[in-house]
Amino acid sequence: MTAFPENFLWGTATAAYQVEGAWAEDGRGPSIWDTFSHTPGLVAGGDTGDAACDHYHRLDEDLGILTALGVGAYRFSISWPRVRPGGRGPLNQAGVDFYDRLIDGLLARDIAPVATLYHWDLPQELEEAGGWPERDTALRFAEYAHLMGERFGDRVRTWITLNEPWCSAYLGYASGVHAPARTEPAAALAAVHHLNLGHGLAVQALRAVADPAAQLSVTLNLHHVRGVSEGDADAVRRVDAVANRAFLGPMLEGAYPDDLIADTASVTDWSFVRDGDTATACQPLDMLGVNYYNPTLVRQWGGGGGRQSADGHQDGTASPWIGCEDVEFVRQPGPYTEMGWNIDESGLTELLLRLRRDHPDTPLMITENGAAFADAVDADGRVRDERRVDYLHRHLSAVAEAIEAGADVRGYFVWSLMDNFEWAHGYAKRFGIVRVDRDTMERTWKDSAFWYRDVVAANALPAASAAAGHDG
Ligand code: GBH
């Protein structure tokens, strides 16, 4: 038995576009992900989030699942285009009502709502005005944060401004594999800055209107970067700068790292950073949210031949890794999940301890961790996902190890409550602990859901993942 601290917060996570569906109902406006998924060829299988998991119409059923899991918290995101369709102007009351029902339903079940303001679904009109590379988007985001704080701040006590701005900036504007599918490195770095600025402005806005006891946070997908050998230290430094310190710097220390500015000098002069911006980005935070899936392995690229990155980007094609032209992303040893990501929980322990060392006063929360697998379904409907149980067990052990070594980790959220729209991969990649039948939308608990329920109830891990039992 590995026990967790008293009051450790156990939860599951989802995001609006990935689960809600009802994309054109009750006054919701289009987002960049509607545009992206409706563009032929961009999402595997032609999948869209039009129906997603139909969570919008199945709220009560899904609240029932959360209750039966016994979780203390549910991390969801608010769809900006559902509550403020064009990104500006009046609120859409029907959209606000949906989140009122969700939040009140959670509270009635003693489940703490953890609300993410932005999980990638920018109102399409704001993209048409330039999107995150434009400063105005940060200002509109702050307005939206203010309005949400006014509406829900009496009941939501944990807020997350942005989910993984790394993805929004680099996958959205540099490699283009996410919405809005632009491949403009300079714009991507401007997006980095306006996401940092928007975060700081949103924290200010929430502090002004939300419950004074509210915990304010941001979720980053920090990369735990390792070099193949000691000679690869500079490759590690570059990737760490553009992936991690591009956000940690302004948000937690009030400045961009000098090496990041130097590494990206041929792409931009960073003149979009105005006096006072990094001070604005650096608002006191009550917690830092960490999403972890796997570590990153790099080496100095020796040149010659076609460079093949582990993230699938051929040399010369749009890469999310700006300023890392001399870095090779090395495929790591297996086992792998269905995403092709290697399974290595030691990176999570090391990442948490690095944060403990670099930012000792900032409590941490694992806001996402989980794995996609092609789960086996028995004739009787039982979903055997022992590989997911094993993945979760390993990573929770890694969290416990970090806590033991001094990291202040307050909670853990499984990604994801249910199989959902996995962005450019569509529905083929299943991350849920609950299975969603794509034809009937029926929800079925996987073995991992029963296992997680028992972990939550015990506030501890069983001795071995093999002990996971199915009793449903
Ligand atoms: C999260 O993104 C999202 O927040 C969530 O919405 C999503 O469903 C979930 O994870 C699962 O994807 O360099 O090829 O080794 C995670 C996105 C995953 C982006 C790991 C960078 C590195 C892959 N990140 N990835 S690679």
Check your understanding: Given the Cα atoms of the range 180-231, and with Rh set as the inverse mean 1/r over their pairs in the Kirkwood sense, what is Rg to Rh to two decimals?
Key -> 1.17
Check your understanding: Considering only DSSP beta bridges whose two residues both sit in the chain, what percent are antiparallel, to the nearest 5?
Key -> 25
Exercise for review: Could you calculate the FRET efficiency of ALA3 with ASP97 from 1/(1 + (r/R0)^6), where r is the beta carbon distance between them and R0 is 30 Å, rounded to 0.05?
Suggested key: 0.15
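Roughly what % of DSSP beta bridges within the range 342-472 run antiparallel, to the nearest 5? Please list the in-between numbers first.
Working: 5 of 10 bridges.
DSSP beta bridges in the range 342-472 are roughly 50 percent antiparallel.
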Point to revise | Calculated diffusion of the range 52-148, Stokes-Einstein form, Kirkwood radius summed over Cα pairs, 20 °C and 1.002 mPa s, µm²/s | key: 148
Review point. So what is the relative contact order for the range 2-461, in percent, with contacts set as C-alpha pairs under 8 Å and at least six apart?
Key: 18
Exercise for review: Enumerate the amide H contacts of GLY227 below 5 Å, restricted to partners 5 or more residues apart or on another chain; note that Pro and chain-start residues carry no placed amide H.
Suggested key: VAL298
Review point. How much of the accessible area of the range 2-461, probe 1.4 Å, is carbon plus sulfur, in whole percent?
Key: 48
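Count charges around ALA3 for me, please; just the other residues with Cβ under 15 Å from its Cβ, Lys/Arg as +1, Asp/Glu as -1. Kindly include the intermediate steps, with their values, before the conclusion.
Working: positive: none; negative: GLU6, GLU401, GLU404, ASP454.
Around ALA3, the surrounding residues sum to -4.
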Point to revise | Phi-based couplings in Hz for the range 159-176 (Karplus 6.51, -1.76, 1.60; Gly and Pro marked x) | key: 10, 10, 5, 10, 9, 6, x, 3, 5, 4, 7, 7, 7, x, 10, 10, 8, x
Revision key, fill the gap. When all Cα-Cα pair distances of the range 219-369 are considered, the percent exceeding 24 Å is 37
Check your understanding: Given LEU220, VAL414, THR2, which one lies farthest toward the positive end of the charge dipole of the chain, if we put +1 on the Cβ of every Lys and Arg and -1 on the Cβ of every Asp and Glu?
Key -> THR2
Point to revise | 36 Å tail of the calculated P(r), the chain, as % of Cα pairs | key: 23
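With N set to the number of residues, divide the alpha-carbon radius of gyration of the range 92-200 by 2.2 N^0.38 Å and report two decimals. Please list the in-between numbers first.
Details: Rg = 15.2 Å, N = 109, 2.2 N^0.38 = 13.1 Å.
Cα-based Rg divided by the globular estimate yields 1.16.
Mind ranking ASP47, ASP258 by accessible surface for me, highest first, 1.4 Å probe?
ASP258, ASP47
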**Study point:** Mean accessible surface per residue for the chain, computed with a 1.4 Å probe while every protein chain stays in place, in Å²
**Key:** 36
**Study point:** Cα pair count fraction exceeding 16 Å, expressed as % - the range 331-392
**Key:** 59
Practice item. Using Cα centres only, tell me the gap between the range 416-435 and the range 6-37 in whole Å. Key: 12
Practice item. Using only Cα atoms, locate the centre of the range 66-101 and the centre of the range 150-224, then give the distance between them in Å, rounded to an integer. Key: 16
Practice item. Please work out whether the range 364-416 counts as rounded, prolate or oblate from its C-alpha gyration tensor, where a ≥ b ≥ c are the square roots of the eigenvalues and a/c under 1.5 means rounded, while otherwise a/b larger than b/c means prolate and anything else oblate? Key: prolate
Check your understanding: Taking each full run of DSSP H in the chain as one helix, which ones are at least 24 Å long along their axis (Cα atoms) and have mean Kyte-Doolittle hydropathy of at least -1.0?
Key -> 135-152, 185-209, 386-404
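The values are calculated or read from the model by the stated rules, or taken from the named source; none is laboratory data. Keep in mind that what you see is a predicted model, and the values were worked out from it rather than measured. All Cβ positions, even for glycine, are placed from backbone atoms using ideal geometry, and neighbour counts span all protein chains on display. Accessible surface is based on the protein model in full, side chains and every heavy atom, while ligands, DNA and RNA are left aside. Shrake-Rupley method; radii C 1.70, N 1.55, O 1.52, S 1.80 Å.
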